[in-house]
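Student: Have a look at this one.
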Amino acid sequence: MNRNRKRILVVDDEPKIVEVVTSYLEKSGYAVRGVFSGKEAYESFEREKPSLVILDWMLPDTTGEEICRTLRQKSDVPIIMLTAKVEEEDILRGLQIGADDYVTKPFSPRQLVARVEAVLRRTEGNSSPVLSFRRGELIVDMDGYDVMLSGRPAGLTPNEFRIVGALARHPNKVFTREELIAIVSGDDFNGFDRVIDTHIKNIRQKIETDTRNPEYILTVHGVGYKFGGD
């Protein structure tokens, strides 16, 4: 695999899907590794250190959900889920465990490539400074794509970081759910308001001392959310 290009790991048990996705991604300049099982996915992830993972929801030896959860314990690599599931609860569950985006089957390979490019831009494109709140209790490192709480990593997923980063850069601005959806997934995202509420719930569990009385991520009832750090 060419190490000078961004590496994409494609995990799907349908060889035709892996073949087509690989072809389109390689034509777009990416180095691609295609695998067909959870076991191969774990092995390839450790060996290749990909820039992004495209992950099928159902695999012969495990689920994409379980793989996503496992990868999130060790890495913030962007993950796009491929799924035939279109129920809102399934999508929310995938985002809750750390997926950055989802594409439903059947899908356009060109659309998938566009999603890959958009996710990588959002993940790697930030160049703002380090922000400090409450005398250094909370540090938002926009260059390092990291949030520290009392000196320890908060463990935010890329989407959670993008929400915190947007709010922290504009502490006096109230963001609607639609604005946060655009920040997380792009203007063409056709999703649900509850997706943002799920992300906010996860963020509060990671950076708030009391999730019922948050200090940083504040709800503006009937509108959206704003940042409460001083």
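Student: Can you show me the helix-derived [θ] at 222 nm for the chain, built from DSSP H runs with n ≥ 4 at -39,500 (n - 2.57) apiece and divided by the number of residues, rounded to the nearest 500. Display every interim value, and only then the final one.
Tutor: Numbers: 8 runs with 94 residues, N = 230.
Taken over the chain, the calculation gives -12500 deg cm²/dmol.
Student: Cross-link list 49/201; 105/226; 27/201: which exceed 31 angstrom alpha carbon to alpha carbon?
Tutor: Distance filter (> 31 Å) returns 105/226; 27/201.
Student: If you roll a 1.4 Å probe over the chain with all protein chains in place, what percent of the accessible area is carbon or sulfur? Don't skip to the answer; put the middle values down first.
Tutor: Details: 5210 of 11240 Å².
Heavy-atom surface of the chain belonging to carbon and sulfur, 1.4 Å probe: 46 percent.
Student: Could you give the length gained on full extension between residue 104 and residue 62, defined as 0.36 nm per residue of separation minus the Cα-Cα distance, in nm? Kindly include the intermediate steps, with their values, before the conclusion.
Tutor: Details: separation 42, 0.36 × 42 = 15.12 nm, distance 1.91 nm.
Taking 0.36 nm per residue and subtracting the Cα distance, the gain is 13.2 nm.
Student: Same structure again: Tell me whether segment 1-123 comes out rounded, prolate or oblate; compute the Cα gyration tensor, take square roots of the eigenvalues as a ≥ b ≥ c, and use a/c under 1.5 as the rounded threshold. List each step's numbers first, then the result.
Tutor: Details: a/c = 1.32, a/b = 1.20, b/c = 1.10.
Note, shape of segment 1-123 comes out rounded.
Student: Looking only at the chain, where both bridge partners belong to it, what percent of the DSSP beta bridges are antiparallel (to the nearest 5)?
Tutor: Antiparallel bridges make up about 50 percent of those DSSP assigns within the chain.
The values are calculated or read from the model by the stated rules, or taken from the named source; none is laboratory data. Just so it is clear, the model here is predicted, and its values are computed rather than measured. Surface areas here come from the heavy atoms of the whole protein model, side chains and all, with no ligands, DNA or RNA. Shrake-Rupley method; radii C 1.70, N 1.55, O 1.52, S 1.80 Å.
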